[in-house]
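The values are calculated or read from the model by the stated rules, or taken from the named source; none is laboratory data. As the structure is a prediction and not an experimental result, all values here were calculated from the model. Note that each Cβ is placed from the backbone with ideal geometry, even for glycine, and that neighbours are counted across all protein chains shown. Protein only, heavy atoms only, side chains kept; ligands, DNA and RNA dropped before computing areas. Shrake-Rupley method; radii C 1.70, N 1.55, O 1.52, S 1.80 Å.
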Amino acid sequence: MLTSPRTRVSPKIAIIGAGFGGLCMAIQLERAGIHSYTIFEKGSGVGGTWRDNTYPGAGCDIPSHLYSFSFERYSSWTRRYPGQPEILGYLEGCADSYGLRSKTRLNTMVTAAEFDETSGRWRVRTTAGDEMFDVVVSAMGQLNRPHLPDIPGMSSFAGAAFHSARWDHSRDLTGRRVAVIGNGSSAAQFIPKVAEVAAHLDVFQRTPNWVVPKPDAVFGARTRAALHRLPLLQRAYREWVFHYGENTLYPALAGGWSADLVRRRALEHLHAQVQDPELRARLTPGYPLGCKRVVIDSDFYPALTRPDVDVVTDPIARIVPEGVRTVAGLREADVIVYATGFRTSEFLAPVRIVGRGGRVLSEEWKDGAEAYLGIAVPRFPNLFLLYGPNTNLGHNSIVFMIECQVRYVMGCLPHLTARGPMEVRPEAMDTWRRSLERAMGRMVWQAGCASWYKNDSGRVTNNWPGTASLYRRITRTPRPRAFRFAR
Ligand code: NAP
């Protein structure tokens with residue numbers, strides 16, 4: 001049985017993380033006149049992934065007019081796909097204009113959150129002390145913990161080594177021999193920049209990726225002025241990008257009409273940019289397009305064709321003091337960059353979340369993370385997740401999904417204020433799980449490839465198998481019947 005907390009007009013809310021999700025949550029609370037929240041941020045600034053990823057060439061491969069808040073449209077983007085500094089600047093601007101800084105505790109890591117059944121509140125433990133809250137909103141994201149591979153000899157390397165999401169800017173790569181391990185979206189963005197300055201670059205590729213062109217465009221002063229003066233034009237552009245994702249890219253992932261079209265587009269891109277048939281063969285994926293995250297980039301292939309860049313496909317045997325030893329021999333390096341992705345299936349780690357009856361979330365999720373609508377978990381009352389399990393997209397803007405989730409949480413607040421802590425019913429979770437499994441069956445992600453969308457046992461724990469529009473529809477209004485309430 002849940003116990004009743006004392007009635008309060010504005011629940012006290014802990015938000016974990018100050019990236020797109022945490023800021024969106026805080027802004028909507030501010031707009032609703034609810035100021036009783038605190039954002040806990042382990043880093044030294046707001047921005048989340050856009051504060052962490054500062055590698056050369058970092059940017060978003062979703063157009064920023066869509067990859068931004070719908071309620072905070074911005075006409076000053078200097079190009080279709082702006083770089084990381086501009087996106088970070090946008091988020092910092094949002095934090096400033098909504099007055100979120102004074103509510104944000106930087107350099108404060110949440111280590112645990114424990115539900116106290118007597119008070120019906122959460123004890124949030126942080127590196128700065130403990131505090132009680134009515135509601136916990138996790139906005140920790142899926143791509144916040146760098147994954148370092150487990151290659152023998154890594155600690156023996158004599159040069160500098162770092163992960164792409166922790167770029168060491170004190171290391172000048174000019175004239176150095178650089179080894180990059182990994183070739184996903186992050187590597188594809190910085191490889192062209194590194195290749196320009198390095199003496200030699202080895203790209204260690206384990207699996208080739210599908211790559212489609214990135215039709216970037218500069219938005220000059222006149223375009224920006226037009227977008228500023230004509231909000232309808234800006235809105236129409238945003239809608240167009242959104243619906244292109246929904247109607248052309250989504251079907252390519254769901255075995256629909258465009259699968260062959262997008263695949264042919266990717267192959268044409270490869271043929272146009274890589275003339276050497278042997279290199280082309282090594283860069284041609286042997287699995288369906290979309291199974292892994294598609295790389296969207298127009299500079300990646302040209303960088304790989306440079307005479308001072310080698311794509312190394314011989315498996316890595318070990319790291320040695322002089323560089324990387326593959327099964328074919330030694331590749332000398334002064335610097336190793338691990339572009340090896342993130343620990344994506346360990347949602348909410350390393351925060352220890354303890355719910356009703358002493359249930360530990362990481363143990364509940366030992367076979368794979370799951371949450372009702374990606375937002376709520378049985379036996380964890382008043383805990384809400386943003387960008388939680390099965391809410392990542394391969395075809396559209398994650399900021400859109402976050403806004404849907406925040407609207408849902410906002411819709412829950414009056415219920416939990418009136419009726420005490422709310423906890424999703426196991427039956428609702430079962431129905432959700434079944435519908436997810438059915439929808440997952442038609443998606444390309446299960447089609448014989450390894451990817452960060454899945455956990456170790458091959459279950460797709462990260463991606464949402466429907467369109468973003470469908471997700472908006474089903475999260476529009478909370479259904480109280482799906483929840484148990486303390487009162
Ligand atoms: P990733 O896509 O997970 O790529 C990791 C790379 O490391 C893969 O090439 C992987 O090879 C390789 N790798 C991992 N362990 C290895 C090992 N032990 N030995 C050799 N190679 C190993 O990571 P990411 O490039 O950082 O991108 C992660 C996600 O972040 C993207 O998919 C995307 O969603 C997001 N992102 C977005 C943007 C954007 O513009 N919106 C930009 C960057 C990143 P295998 O493929 O063989 O596993």
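Consider P414 against the criteria (1) over 22 Å from L361 (Cβ atoms); (2) touching a Phe, Trp or Tyr at 6+ places or on another chain (Cβ under 8 Å); (3) in a helix (DSSP H, G or I); (4) open to solvent by 10 Å² or more (accessible area, probe 1.4 Å): it satisfies all of them except one. Which criterion is unmet?
For P414, the failing item is (2).
Let me spell it out: the conditions are (1) within 11 Å of the ligand (Cβ to nearest atom); (2) in a loop (DSSP other than H, G, I, E, B), and I319 meets all of them except one. Which number is the exception?
Going through (1) within 11 Å of the ligand (Cβ to nearest atom); (2) in a loop (DSSP other than H, G, I, E, B) one by one, I319 breaks only (2).
Among residues belonging to region 143-178 that are aliphatic (A, V, I, L, M) and more than 11 Å from the ligand (Cβ to nearest atom), point out the one that is surrounded by the fewest Cβ atoms within 10 Å (Cβ to Cβ).
A158
Residues are listed down the side, and each one gets a yes or a no for (1) within 19 Å of G120 (Cβ to Cβ); (2) at pLDDT below 95; (3) not in a helix (DSSP H, G or I):
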| position | (1), (2), (3) |
| --- | --- |
| E363 | no, no, no |
| E370 | no, no, yes |
| R379 | yes, no, yes |
| P389 | no, no, yes |
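Mind listing whichever residues of region 351-372 are open to solvent by 10 Å² or more (accessible area, probe 1.4 Å) and in contact with a helix residue (DSSP H, G or I) (Cβ under 9 Å, 6 or more places away or on another chain)?
Hits for region 351-372 are V351, R352, V354, E370, Y372.
Which of the numbered conditions does G329 fail, given that it passes all the others? Conditions: (1) under 26 Å from K193 (Cβ atoms); (2) surrounded by fewer than 21 Cβ atoms within 10 Å (Cβ to Cβ).
(1)
Take the residues in region 209-223 that are part of a loop (DSSP other than H, G, I, E, B) and within 13 Å of the ligand (Cβ to nearest atom), then tell me which one is most open to solvent (accessible area, probe 1.4 Å).
Ranking the qualifying residues of region 209-223, first place goes to D216.
Quick one: which residue in R407, R476 is open to solvent by 30 Å² or more (accessible area, probe 1.4 Å), charged (D, E, K, R), touching a residue at least 40 places away in the same chain (Cβ under 8 Å) and not in a helix (DSSP H, G or I)?
Only one candidate qualifies: R476.
Conditions: (1) open to solvent by 40 Å² or more (accessible area, probe 1.4 Å); (2) more than 11 Å from the ligand (Cβ to nearest atom). R206 meets all but one. Number of the miss?
Among (1) open to solvent by 40 Å² or more (accessible area, probe 1.4 Å); (2) more than 11 Å from the ligand (Cβ to nearest atom), the lone unmet condition for R206 is (2).
How many residues, within region 11-32, are in contact with a helix residue (DSSP H, G or I) (Cβ under 8 Å, 6 or more places away or on another chain), open to solvent by 20 Å² or more (accessible area, probe 1.4 Å) and not in a helix (DSSP H, G or I)? Can you show your working first?
If we filter region 11-32 for residues that are in contact with a helix residue (DSSP H, G or I) (Cβ under 8 Å, 6 or more places away or on another chain), which is where we start, we get 11, 13, 15-16, 18-21, 23-29, 32.
From the residues that got through so far, the ones that are open to solvent by 20 Å² or more (accessible area, probe 1.4 Å) too are 28, 32.
Still in the list and also not in a helix (DSSP H, G or I): 32.
Qualifying residue count, region 11-32: 1.
Taking interchain pairs and intrachain pairs at least six residues apart, which have beta carbon atoms under 8 angstrom, with the first residue in region 229-248 and within 19 Å of E72 (Cβ to Cβ) and touching a residue at least 40 places away in the same chain (Cβ under 8 Å) and the second of a type in the set (D, E) and surrounded by 15 or more Cβ atoms within 10 Å (Cβ to Cβ)?
none
Would you check if there is a residue in region 244-264 being open to solvent by 20 Å² or more (accessible area, probe 1.4 Å) and modelled with pLDDT under 95?
yes
Please give the number of the condition Q234 fails out of (1) away from the ligand (no atom under 16 Å from the Cβ); (2) polar (S, T, N, Q); (3) in the same structural domain as V311 (by TED's automatic domain parsing); (4) surrounded by 17 or more Cβ atoms within 10 Å (Cβ to Cβ).
Here Q234 meets the rest and fails (3).
Name the single residue, out of those in region 322-343 being more than 16 Å from the ligand (Cβ to nearest atom) and not in a loop (DSSP other than H, G, I, E, B), that is nearest to G120 (Cα to Cα). Steps first, please.
Of region 322-343, the ones more than 16 Å from the ligand (Cβ to nearest atom) are 322, 329-330, 332, 334-335.
Filter once more, keeping what is not in a loop (DSSP other than H, G, I, E, B): 329-330, 332, 335.
Values: G329: 61, L330: 60, E332: 59, V335: 52 Å.
Of everything passing the filter in region 322-343, V335 is nearest to G120 (Cα to Cα).
Take E346 and decide whether it is part of a loop (DSSP other than H, G, I, E, B), within 24 Å of W464 (Cβ to Cβ) and open to solvent by 50 Å² or more (accessible area, probe 1.4 Å).
Judged against the criteria, E346 is a match.
Taking P192 as the residue in question, decide whether it is under 26 Å from the mean Cα position of the chain (by Cα) and either within 16 Å of the ligand (Cβ to nearest atom) or not in a loop (DSSP other than H, G, I, E, B) (or both).
Yes; evaluated as a whole, the condition is true for this residue.
Can you find a residue that is in a helix (DSSP H, G or I) and at pLDDT 95 or above anywhere in region 441-462?
Checking region 441-462: at least one residue is in a helix (DSSP H, G or I) and at pLDDT 95 or above.
Could you list, in sequence order, the residues of region 33-57 that are of a type outside the set (A, V, I, L, M), more than 16 Å from the ligand (Cβ to nearest atom), closer than 30 Å to S170 by Cα and assigned to a loop (DSSP other than H, G, I, E, B)?
Correct list: E41, K42, G43, S44, G45.
On the given criteria, is A226 exposed (fewer than 15 other Cβ atoms within 10 Å of the Cβ), among the hydrophobic types (A, V, I, L, M, F, W, C) and part of a helix (DSSP H, G or I)? Don't jump to the end; show me each part of the working.
Details: exposed (fewer than 15 other Cβ atoms within 10 Å of the Cβ): yes; among the hydrophobic types (A, V, I, L, M, F, W, C): yes; part of a helix (DSSP H, G or I): yes.
The answer is yes for A226.
I'd like to check something: does region 98-106 contain any residue that is touching a helix residue (DSSP H, G or I) at 6+ places or on another chain (Cβ under 6 Å), open to solvent by less than 20 Å² (accessible area, probe 1.4 Å), touching a residue at least 60 places away in the same chain (Cβ under 8 Å) and more than 30 Å from L232 (Cα to Cα)? Show your work before the answer.
Pass one, region 98-106, residues touching a helix residue (DSSP H, G or I) at 6+ places or on another chain (Cβ under 6 Å): 98, 100-101.
After this cut, where a residue has to be open to solvent by less than 20 Å² (accessible area, probe 1.4 Å) as well, the list is 100.
With the extra rule that they be touching a residue at least 60 places away in the same chain (Cβ under 8 Å), the set shrinks to 100.
Subsequent filtering for residues that are more than 30 Å from L232 (Cα to Cα) retains none.
Scanning region 98-106, I find no residue that is touching a helix residue (DSSP H, G or I) at 6+ places or on another chain (Cβ under 6 Å), open to solvent by less than 20 Å² (accessible area, probe 1.4 Å), touching a residue at least 60 places away in the same chain (Cβ under 8 Å) and more than 30 Å from L232 (Cα to Cα), so the answer is no.
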